[in-house]
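> One structure, as structure tokens, below. Some questions next.
Just so it is clear, none of the values below were taken in a lab; they were calculated from the coordinates. Keep in mind it's a predicted model, so treat the numbers as computed, not measured. Cβ: placed from backbone, ideal geometry, glycine included. Neighbour counts: every protein chain shown.
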Amino acid sequence: MDEDRRRRCRSDEDCISGLPDELLHGILLRLGSARAAARTTALSRRWRRVWPGLPELVLDSCPDAPPPPPASFLDTVDAALAAYSSSSLARLCIALPPAVDLVVPADRAAPWLRFAADRAAAELCLFVPPHFTAPPEPPEEDLDEEEEGDNHTAAWEELELPAWRGAKTVRLCLQDAWRLRPPAGVFASLTGLMILFGRADAGELETLVSMQCPCLRDLRLQLTLIEAADVSIHSDSLRSLWLCIWNSWRLVVVAPGLEKLSLHYALQVRVSAPKLEELAWRGRGTAYDPQHHEFDEDVGRRLRLLEMDMYSTVSSFAQRFDEAEELKLVISILWKEAGYDSFLNGTKKLPKCRTLSLNLLEWRNHSLAQAMLHLFRRCQSVEKVSIWLRCFDEDSKQSSCPSTCPCRLAENQRIDDINLSSLEVVEISSFTSSHEELDFLEQLSRCSATSLRKLVINYNKKRSRTPLETKEACQKIRSMYPPNVEVEFYVLRGGRQVRFDWRLVKNVK
């Protein structure tokens, strides 16, 4: 009896270690990091062979510990991969600590990619700080064109991307000096591919995307071409495409099943995508021009989402697309009359939309009320308006524009030509109860918005006033609108929006 009791006591000393490997793997996976899992080897010899067989390897800095020195972290990655014992792997994620001056040789990362390929990893994530740099200058001595070209090409460190069966998702963030070389084989099962930074040859990039990934559905490319060239992407499987390719002349996208397209800094474009539903156009200095940016006739004139970070290109887009269920605009109105004139000309025509989402940058140079009334005149069928009031220098005082600015002219302050009978919901974020903001809400209350049922005000945490000042502003706003309009106020507390009931604030200063 005493012997049985002693045996049970010995077994109770470490009940967890007696569990099957599959259960122990589940416990270690919840730690979220292979580095944290490796520390369990201190528990007993049994644990030393457990973590090297994990189905997922996540090699990054632990969130509850200071980041390790980048150079030593490279050795940690190599050691962890060398200790890994399983012949298969579901997921490999290697994320180097951010470091501005970290230079990682491409041949140091190449074995990590081969490790994922040899174990047929379904998911590969490699994040290396980009470390942007210009290519080394060619030698000063005279070279013929071929020799000079070869020297320029040799300046980049080549990183070969192997292909393997079973790969579903590959996400890469590379150093700027790395030149990614495509695989010799085919990613037969790959559905998601992301390549951020690094360099690539236009022809090799086309081959990778259009021929070597037959099942690719989601593609995100943000990289630089080795030499300026055209880029053509032909894919029957693509559903979502995000492109920012520097040093490209002309982009051609032919994707019969494409539903979402995001283009950045596109100088010339041709798009054939009959199922396109969402379009994002970004990149200052590359305004939409129908002569250089062509959408084939198979691309419909109605979209679910049209998003632009340049209001100056909206009117041109309105000639190509008649309607968008949601229209997202980024608007920054420059100072003085010329800035406001540019805003008026760029938004003189807008596509018809049900939801209008506005990101207003540096709006304090002009009258917020008049700018919004101008947009309402062009979107009188809108049902929901969402406004984010942003300002890069939140502590600076507002610089009022001259009295001769169009936003101050009496004829532009009329509201009798605005019919917002379809408007139901208005939401304003980063609100501060400034004079300009309150003036806009008062002007809105005077417009013909017979269907308006809800107004939501989200206060800015940094620029919010005292509770009593906020209460006084809330009372004023509430009095502007009839009782049938629900007016809600929210403030940021503990990182989340909390409803602010101004009626509970005591009138004590």
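> So how do 103-114, 369-380 stack up, highest first, on mean other-Cβ count within 10 Å?
Those peptides, ordered most packed to least, come out 369-380, 103-114.
> Below 8 Å, C-alpha to C-alpha, sequence gap of six or more: please give me the relative contact order for region 297-380 in percent.
That works out to 31 percent.
> Obtain the nm distance between the two label points defined at D118 and T466 by a simple spin-label model: each point lies 7 Å from its Cα along the Cα-to-C-beta direction.
6.9
> Can you give the FRET efficiency to the nearest 0.05 for S316 and S434, using r as the Cβ-Cβ distance and R₀ = 30 Å?
0.35
> Okay, moving on. For the pairs K275/K352; K168/K260; K260/K352; K275/K454, note any where the Cα-Cα span goes beyond 31 Å.
K275/K454
> How long is region 333-443 along each principal axis, judged by its Cα atoms, biggest number first, in Å?
In descending order, the Cα extents are 36, 28, 23 Å.
> Add +1 for every Lys or Arg and -1 for every Asp or Glu among the other residues with Cβ under 12 Å from the Cβ of I418, and state the total.
It works out to a net charge of +2.
> Still on this structure, I have one more. Short version: what are the Cα gyration tensor semi-axes of region 161-247, square root of 5 times each eigenvalue, largest first, in whole Å?
19, 14, 12
> Find how much the distance from I415 to E277 grows on full extension, using 0.36 nm per residue of separation minus their present alpha carbon separation; answer in nm with one decimal.
Taking I415 through E277 to full extension adds about 46.3 nm, to one decimal.
> If you don't mind, another one. Assuming R0 = 25 Å, can you tell me the calculated FRET efficiency for the pair R496 and E424, based on Cβ-Cβ distance, to the nearest 0.05?
0.50
> Can you pull the one-decimal nm distance between simple spin-label points at E160 and Q380, each 7 Å off the Cα toward Cβ?
Computed distance between label sites E160 and Q380 equals 6.6 nm.
> Quick one: length gained pulling M211 to R181 fully straight, 0.36 nm per residue minus the C-alpha distance?
9.3 nm
> With the cut-off at 1.5 for a/c, could you classify region 278-342 from its C-alpha gyration tensor as rounded, prolate or oblate?
It is prolate, given that a/c is not under 1.5 and a/b is the larger ratio.
> Sticking with this structure for a sec: Using a Förster radius of 30 Å, what is the FRET efficiency between E294 and K348 based on their Cβ-Cβ separation? Nearest 0.05, please.
With R0 = 30 Å, the Cβ-Cβ based efficiency is 0.85.
> If you find the alpha carbon centre of region 181-256 and of region 403-462, how far apart are they in angstrom?
About 44 Å separates the Cα centre of region 181-256 from the one of region 403-462.
> Label points 7 Å out from Cα along the Cβ direction at W388 and L334: separation in nm?
Taking the simple label geometry, W388 and L334 are separated by 2.4 nm.
> Expressed in nm to one decimal, what extension gain is obtained for the pair S451 and A83 from 0.36 nm per residue of sequence separation less their Cα-Cα distance?
Working it through step by step, the gained length comes to 125.9 nm.
> About its Cα centre, how strong a charge dipole does region 161-255 have in debye, to the nearest 20, once Lys and Arg get +1 and Asp and Glu get -1 at the Cβ?
360
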